[in-house]
Each structure stands twice: as C-alpha cells, then as structure tokens.
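Novice: This is the structure I want to talk about, given as structure tokens.
The values are calculated or read from the model by the stated rules, or taken from the named source; none is laboratory data. Keep in mind it's a predicted model, so treat the numbers as computed, not measured. Neighbour counts are summed over all protein chains in view; Cβ atoms, including those assigned to glycine, are modelled from backbone coordinates with ideal geometry. Ligands, DNA and RNA are stripped out before the accessible areas are found, and what is left, the full protein with its side chains, is counted by its heavy atoms. Shrake-Rupley method; radii C 1.70, N 1.55, O 1.52, S 1.80 Å.
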Amino acid sequence: MIKVAVMGYGTIGSGVAEILDQNRDVIAGQAGQDVELKYVLDLRDFPDSPVADKIVHDFKVIEQDGEVEIVVETMGGLNPAYPFVKACLEAGKHVITSNKALVAAYGTELLQIARDKNVNFFFEASVGGGIPIIRPLYRCLMGERIEEITGILNGTTNFILTKMDKEGASFEGALKEAQNLGYAERNPEADVEGHDTCRKIAILTAMATGREVNFEDIYTEGITKITDVDFKYAEKMGTSVKLFGTSRISGGQVSAFVAPVMIGKDHPLYAVSDVYNGIMVRGNMLGTSMFYGSGAGKLPTASAVIADIIEAAQNMKRNVRLGWTSERQAVEPMDRVSFRYFIRMAGTYRNKEQDVRAAFGPVEVVELYGMDEFAVLTREMTEGEMKAAVSGYNAAEAERSEYGVKQTIRAMV
C-alpha cells in the first residue's frame, strides 16, 4: 500500500481526497496496489469532513514520516509551498503539484532535485486544470518538433470575454458577474492582467523546448482595455477577441506573448467559450492538434492530480524523464513578433484616409453606423513597425489638434 499526504485542503485538495476515496478501486488497479490518504495538512480543522481524523497542522509530521511516499501540494502560492515541496523531494518523496506559480518560478530547481533523488516531480494540473497537456507533451508528442503552442488558458478571462461577445456586456459588468459566480477572485488581477496565463505558457514553452523559460521574459497584456465597442466591430467582421498565451518556436528561436487577439471563425480556438480552456499544439509532423475541456474546478483539476499520483505509484523506484534543464531559453523581444492589427481611430475614414495610408499602408476599413470613429485592419507587420506607425499617425493628428488612435488589438484574421 502506498501512503499519500495532501498539503492544502481547499478546492483542489478536497477534490483529490474525494477521488482517492470514490475511485479507490480504479486507482488501485492502475497503480498496481492500494493508494491510501494518510495525512491532510492545513491550518484549519475540518471536524465534519471525511478527513477529520487525518488533519495535521505541522509539516514536519509529513516530512519525517517514512511511510508517506507521495505528497500532493495544492496550497497555491510560493510560501510555504516552495520550501515544503523542496523538503519533501529532498526527503526522497515523490511530489505532485497543481501550483503553476510554483512550477513557473522554481520548476527548474525542483525537477533537478527530483532527478538527483531518483523521485518524481509531476505537475499535470498546473496548466489547463483537467485538460491533459503536460503528459501529452512528454509522452504522446515526444517525437515531434513543437512549432507552436497557443492556448486559452484562463477560464475567468474567457468567461468575461464571452459575456462581452455574446451579450454585449461591459468589461466591468462581466467581471462582476464572474466574481458573483465564484469564477473570479475579489482581487482579479492575476487573471485579468494576464499573469496566470503567462505562467502557464512559460511552463508549456519550457516543456516544448527542454530549456528553462523565465515567465518575466514573456510580454504580458491582459483584457482590461477591451471594450464592448471592440466586440461590436468584431461582430461585423465575423471575428471574436480571446486572451491568448502563445509560444512560437522556430530554428531555436522562441517568441512568446500573452495578449488579447482578434481571431476569425476558422481559427481552432474560436469556439472555446465560457469558462472552458483550449490549447492548440502544432508539431512539424503531426500538424495541429487540439486539447479542450475544463481548465479549472474541483474535480477536473483533482483528476489531473490523481493521474500524476498513479504515474508516481507506477514509478516508485525511478525518475521519469520530463521537464527541462537549467539552460535558459531566450525569448525574442515582442517588437519582432508579427501580426495584423485591428486599430480604432477617432473621426471618419473619409477625412483621415491620407494620414492612415501614409502611416499604415493599405488597410481594410470597418465602420459602424452612428459612431464618430472607424477601424482598420492592417497588413502584417512587426510590433515595432506598428508602434512606429501609430506614433507617426498620432503625431500628425496632434498637429491638427485632433484625436488619433483609440485602440489596438493584435489580429490573426
């Protein structure tokens, strides 16, 4: 029998305990032996819960118990998750985590400790919740040269953008509804500013390249500047706006970013709506494949943790090769990345056509009835070229005491 400890009895931790109990026979069949929950570490007591007799408040109990061979970390954050996980690995215990902040910040070090101690550090649930994506990258796609990973990796922001798209809601109104439904935290910054997505695409990029990726090197822009007017244009154009985490890999060069992107109906991620996540992976031989499902939630995320527990149970005496090395993967500056751009401008195109063409070259024009503004869709250009064009256009408009660019969204249409 394998004894397991769970650190953190919140949403995911309680889900792990529930599945260990309800799917006991399935897990035992896959693991080759019974898997039993021995401890649950939490600051709180849960006298009416099924794990009331397993609650401990002192981490040392888990660290020093030789019977506990697998430890699950579902506390979130870096402190005390990082020192606790590191101590467990150094004690020769296998560790499974759902904590993307931990993996993004300390994954390189923790993976190396696991190799040195001949144990495993698994983190399937850290990206995409219940969607299998980490394991496919190191198992199913191991013969592929990964060329692109693009994902809708945050259910909260996807819910907000879906409300704005389908119901014409404002950003503020959609965010408030997300908070009322429990999808968004009271402080939603990590979600709406793109930080959560950034950490996830950093992990996926490291998995694809085999090198460490510093999430701070990835250009990150959230959805707070997206408005209901943007979606009125999108409706007329037959497009939508999604928050993408994207990594493109070519010839050893990596470009990665997090930003709202306007996409057409033929894009594989167009139909991913509400709180769901979708991840598109393109390999040089396979082509494009899609991973879709519940990107968060108690049981979906806990299901991914359970799969890691089973893999650890199947490999108790050896380290499974996965992850990345300490070699740093450089990330191209955002100014070198190319897109088409959706740009909204004050005034009428008829009066601004000469300045628009001088700054941006040939464009497709989109106008909404009754609006004192218009939008254009540019040719493909680099981010640096776009910034220079916007700067030049705004300078020309300022000379006439007129307003210039109001909004810019990257486009893949």
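Novice: Ile62 - would you say it is among the β-branched types (Val, Ile, Thr) and over 20 Å from the mean Cα position of the chain (by Cα)? Spell out the reasoning first.
Specialist: Numbers: among the β-branched types (Val, Ile, Thr): yes; over 20 Å from the mean Cα position of the chain (by Cα): yes.
Against the criterion (among the β-branched types (Val, Ile, Thr) and over 20 Å from the mean Cα position of the chain (by Cα)), Ile62 qualifies.
Novice: Please give the number of the condition Asp48 fails out of (1) farther than 22 Å from Gly130 by Cα; (2) at pLDDT 95 or above; (3) surrounded by fewer than 20 Cβ atoms within 10 Å (Cβ to Cβ).
Specialist: Only one criterion in (1) farther than 22 Å from Gly130 by Cα; (2) at pLDDT 95 or above; (3) surrounded by fewer than 20 Cβ atoms within 10 Å (Cβ to Cβ) is unmet by Asp48, namely (2).
Novice: For Thr209, indicate whether it is free of Cβ contacts under 8 Å to residues at least 40 places away in the same chain and crowded, with 17+ Cβ neighbours inside 10 Å.
Specialist: No, not satisfied.
Novice: Across the stretch 343-397, what is the total count of residues that are surrounded by fewer than 17 Cβ atoms within 10 Å (Cβ to Cβ), within 24 Å of Lys232 (Cβ to Cβ) and of a type in the set (Lys, Arg)?
Specialist: Counting residues in the stretch 343-397 that are surrounded by fewer than 17 Cβ atoms within 10 Å (Cβ to Cβ), within 24 Å of Lys232 (Cβ to Cβ) and of a type in the set (Lys, Arg) gives 2.
So that you can scan it fast, the table gives a plain yes or no per residue for (1) touching a residue at least 24 places away in the same chain (Cβ under 8 Å); (2) touching a Ser or Thr at 6+ places or on another chain (Cβ under 9 Å); (3) assigned to a strand (DSSP E or B):
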{"position": "Val61", "(1), (2), (3)": "no, no, no"}
{"position": "Gly66", "(1), (2), (3)": "no, no, no"}
{"position": "Ile70", "(1), (2), (3)": "yes, no, yes"}
{"position": "Leu78", "(1), (2), (3)": "yes, no, no"}
{"position": "Tyr82", "(1), (2), (3)": "yes, no, no"}
{"position": "Val85", "(1), (2), (3)": "yes, yes, no"}
{"position": "Cys88", "(1), (2), (3)": "yes, no, no"}
{"position": "Gly92", "(1), (2), (3)": "yes, no, no"}
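Novice: Quick one: in the stretch 315-354, which of the residues that are within 16 Å of Asp217 (Cα to Cα), assigned to a helix (DSSP H, G or I) and not acidic (Asp, Glu) is nearest to the chain's Cα centre (by Cα)? Lay out the reasoning, then the answer.
Specialist: Pass one, the stretch 315-354, residues within 16 Å of Asp217 (Cα to Cα): 326-337.
Those left that are additionally assigned to a helix (DSSP H, G or I): 334-336.
Add one more test, that the residue is not acidic (Asp, Glu), and what stays is 334, 336.
Details: Met334: 19, Arg336: 23 Å.
The qualifying residue nearest to the chain's Cα centre (by Cα) is Met334.
Novice: Ok, one more. Of all the residues that make up the stretch 28-45, how many are in a loop (DSSP other than H, G, I, E, B) and either of a type in the set (Val, Ile, Thr) or surrounded by fewer than 16 Cβ atoms within 10 Å (Cβ to Cβ) (or both)?
Specialist: 6
Novice: Among the residues of the stretch 110-127, which ones are free of Cβ contacts under 8 Å to residues at least 40 places away in the same chain and in contact with a strand residue (DSSP E or B) (Cβ under 8 Å, 6 or more places away or on another chain)?
Specialist: Of everything in the stretch 110-127, those that are free of Cβ contacts under 8 Å to residues at least 40 places away in the same chain and in contact with a strand residue (DSSP E or B) (Cβ under 8 Å, 6 or more places away or on another chain) turn out to be Leu110, Ile113.
Novice: Which of the residues belonging to the stretch 99-128 are assigned to a loop (DSSP other than H, G, I, E, B) and more than 17 Å from His195 (Cβ to Cβ)?
Specialist: The initial filter retains those residues of the stretch 99-128 that are assigned to a loop (DSSP other than H, G, I, E, B), namely 99, 118-120, 123, 127-128.
Those that are assigned to a loop (DSSP other than H, G, I, E, B) and more than 17 Å from His195 (Cβ to Cβ): Asn118, Val119, Asn120, Phe123.
Novice: Considering Asp25, Asp48, which residue is farther than 28 Å from Pro83 by Cα, in a loop (DSSP other than H, G, I, E, B) and free of Cβ contacts under 8 Å to residues at least 24 places away in the same chain?
Specialist: Among Asp25, Asp48, only Asp48 is farther than 28 Å from Pro83 by Cα, in a loop (DSSP other than H, G, I, E, B) and free of Cβ contacts under 8 Å to residues at least 24 places away in the same chain.
Novice: Ile96 versus (1) part of a helix (DSSP H, G or I); (2) open to solvent by less than 40 Å² (accessible area, probe 1.4 Å); (3) within 15 Å of Ala312 (Cβ to Cβ); (4) of a type outside the set (Ser, Thr, Tyr): which is the lone unmet condition?
Specialist: Of everything listed in (1) part of a helix (DSSP H, G or I); (2) open to solvent by less than 40 Å² (accessible area, probe 1.4 Å); (3) within 15 Å of Ala312 (Cβ to Cβ); (4) of a type outside the set (Ser, Thr, Tyr), Ile96 misses just condition (1).
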